[in-house]
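Comments concern the structure below.
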Amino acid sequence: MTLTNWAGNTPFTASRLHRPASLGELRRLVAAARRIRALGSGHSFNDIADSPGELVRLDRMPPLIEVDEAAARVRVGAATTYARLAPELHARGLALANLASLPHISVAGSVATGTHGSGVGNPSLSAAVRGLELVTADGSLVTLERGHEDFPGAVVALGALGVVTALTLDLVPAFELRQYVREGVPDDAPFDEIMADGHSVSLFTDYRDTRAWIKHPAEPVSDGWRGTRPADGPRHPVPGMPAGSCTEQLGVPGPWHERLPHFRPDAPPSSAGNELQSEWLTDRAHAAAALRGLRAVGDRIRPVLQISEVRTIAADDLWLSPSYGRDSVAFHFTWVKDPVAVRPVIELVEDVLAPFDPRPHWGKLFVRRPAVPGRFRELVRRYDPEGTFGNAFTRALLDT
């Protein structure tokens, strides 16, 4: 079997990939396996999704999107992508509160790694989960709902507890946004005020020049916003790349799911696969100091950097979420596809951010292993005592 992650930098070592067509078939596969893990859309840059035994992908399972309009909830199959889910919700006058940069990614994989969008009032995508269903090592089907004592540890669980088959998500009323790109953001611009100026705001920077992506309710951003200038045409987050794959800009109003992602669902980003990625989250109170530190080493970052994105994420209560217990700022790095050249710069960024207690995005590249709470280790021991769902990534993380 020849299979790699999104970027192609990590060839999987699993001996076999299963694609069951029913829940019963999945349960039998898991119960019979010595080592098995779920594989989502593969949008990872490390070996988190690999297995020393077998992999299972749920894209052939019966499609599942069950909308409860009265309760403003949706039950969705794990392999469903946000690109598939969002239009269904919008057609019923409902929405997810936020989306990630890419709509191409699967719901379960995004949730399991604490993936997020941006916005001072918007928590991670995982925080929308109110229930999940998973197949555990003996083939049992377990349902956990918000309020269960295991729930905060089971949502962002890195695939270590079982194969998630379905999730129930909270919804909000559908809404419209306009997307603006502003250029020439000053280094001394007030960070908290800028990031609060839209439903979702991202800064794209090489730690020398900075642009702002503002996803704003249906009203104009002022011409002189924060001393910046409006982009004179559509922009790609990576300077110089064609913007044809990006969602519509220039203040044209549109539905939430066509403005919150940076990229259109029918066109993967121009850099897809030709990149490496890292991301760390710190307490938002440290945003200005962390930015100063990164700008100070910008000359050492830029040779291997395509672009860096700075976002804000509201706190949640999920144990392994990078934004657990604190309103956060995320520093995302899209690197050139050269692991040898990138690794020392990753170590440099970790050194710069070290005073601010950085937490890595689980699906991206990092060197320093973060601490994992003992209660999560205990949860893994209870749900997977034989290590059926373990791999090199989780063993290194859990010291098992």
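Does the range 313-363 hold any residues that are in contact with a Gly (Cβ under 8 Å, 6 or more places away or on another chain) and among the aromatic types (Phe, Trp, Tyr), and which are they?
Within the range 313-363, TRP319, TRP362 meet the criteria.
Would you call ARG146 surrounded by fewer than 21 Cβ atoms within 10 Å (Cβ to Cβ), at pLDDT 95 or above and over 25 Å from the mean Cα position of the chain (by Cα)?
No.
Sort out which residues of the range 195-253 are out of contact with any His (no Cβ under 8 Å at 6 or more places or on another chain), of a type in the set (D, E, K, R), closer than 14 Å to GLN179 by Cα and assigned to a strand (DSSP E or B), and write them in order of number.
Within the range 195-253, just ARG211 meets the criteria.
Check whether at least one residue in the range 2-20 is at pLDDT below 95, among the β-branched types (Val, Ile, Thr) and in a strand (DSSP E or B), and report yes or no.
For the range 2-20, residues at pLDDT below 95, among the β-branched types (Val, Ile, Thr) and in a strand (DSSP E or B): present.
Tally up the residues in the range 178-196 that are under 17 Å from ALA231 (Cα atoms), surrounded by fewer than 18 Cβ atoms within 10 Å (Cβ to Cβ) and either in contact with a Gly (Cβ under 9 Å, 6 or more places away or on another chain) or at pLDDT below 95 (or both), please.
Of the residues in the range 178-196, 2 are under 17 Å from ALA231 (Cα atoms), surrounded by fewer than 18 Cβ atoms within 10 Å (Cβ to Cβ) and either in contact with a Gly (Cβ under 9 Å, 6 or more places away or on another chain) or at pLDDT below 95 (or both).
Considering each residue of the range 53-74, count those that are crowded, with 17+ Cβ neighbours inside 10 Å and part of a strand (DSSP E or B), and give that number.
6
Condition first: surrounded by fewer than 20 Cβ atoms within 10 Å (Cβ to Cβ) and of a type in the set (A, V, I, L, M, F, W, C). Now tell me which residues in the range 75-93 satisfy that.
Residues satisfying the conditions are ALA83, ALA91.
What are the pairs with Cβ atoms under 7 angstrom where one residue, in the range 380-395, is in contact (Cβ under 8 Å) with a residue 40 or more places away in the chain and surrounded by 14 or more Cβ atoms within 10 Å (Cβ to Cβ) and the other, located anywhere, is in a helix (DSSP H, G or I) and of a type outside the set (Asp, Glu)? Sequence gap at least six, or different chains.
VAL380/LEU398
Mind telling me which of the residues ARG295, ARG300 ends up being in contact with a helix residue (DSSP H, G or I) (Cβ under 7 Å, 6 or more places away or on another chain), over 21 Å from GLY363 (Cβ atoms) and modelled with pLDDT of 95 or more?
Answer to the selection: ARG300.
Can you name the residue in the range 298-317 that is aliphatic (A, V, I, L, M) and more than 18 Å from PHE204 (Cβ to Cβ) and is also surrounded by the fewest Cβ atoms within 10 Å (Cβ to Cβ) among such residues?
Among those residues, the one meeting the criterion is ALA315.
Just checking, does the range 214-227 include any residue being polar (S, T, N, Q) and modelled with pLDDT of 95 or more? Steps first, answer last, please.
Step one: list which residues in the range 214-227 are polar (S, T, N, Q), which gives 222.
Now narrow it down to the ones that are modelled with pLDDT of 95 or more: none.
Within the range 214-227, none of the residues are polar (S, T, N, Q) and modelled with pLDDT of 95 or more.
Taking the conditions exactly as written (surrounded by fewer than 19 Cβ atoms within 10 Å (Cβ to Cβ), farther than 22 Å from ASN9 by Cβ and without any contact (Cβ under 8 Å) to a residue 40 or more places away in the chain), does GLY244 satisfy them or not?
Taking the combined requirement at face value, the residue satisfies it.
Look at the range 51-68 and say how many of its residues are touching a Lys or Arg at 6+ places or on another chain (Cβ under 6 Å) and farther than 30 Å from ARG395 by Cα.
2
Taking the range 298-343, which residues are within 19 Å of the chain's Cα centre (by Cα) and assigned to a loop (DSSP other than H, G, I, E, B)? Step through it out loud before you land on a result.
Of the range 298-343, the ones within 19 Å of the chain's Cα centre (by Cα) are 306-335.
Those that are within 19 Å of the chain's Cα centre (by Cα) and assigned to a loop (DSSP other than H, G, I, E, B): ALA314, ALA315, ASP317, LEU318, TRP319, LEU320, SER321, PRO322, SER323, GLY325, ARG326, ASP327.
Kindly evaluate PHE376 against the criterion of being buried (at least 16 other Cβ atoms within 10 Å of the Cβ) and under 19 Å from the mean Cα position of the chain (by Cα).
For PHE376, the condition - buried (at least 16 other Cβ atoms within 10 Å of the Cβ) and under 19 Å from the mean Cα position of the chain (by Cα) - is not met.
The values are calculated or read from the model by the stated rules, or taken from the named source; none is laboratory data. These numbers were taken from a predicted model, which means no experiment stands behind them. Cβ: placed from backbone, ideal geometry, glycine included. Neighbour counts: every protein chain shown.
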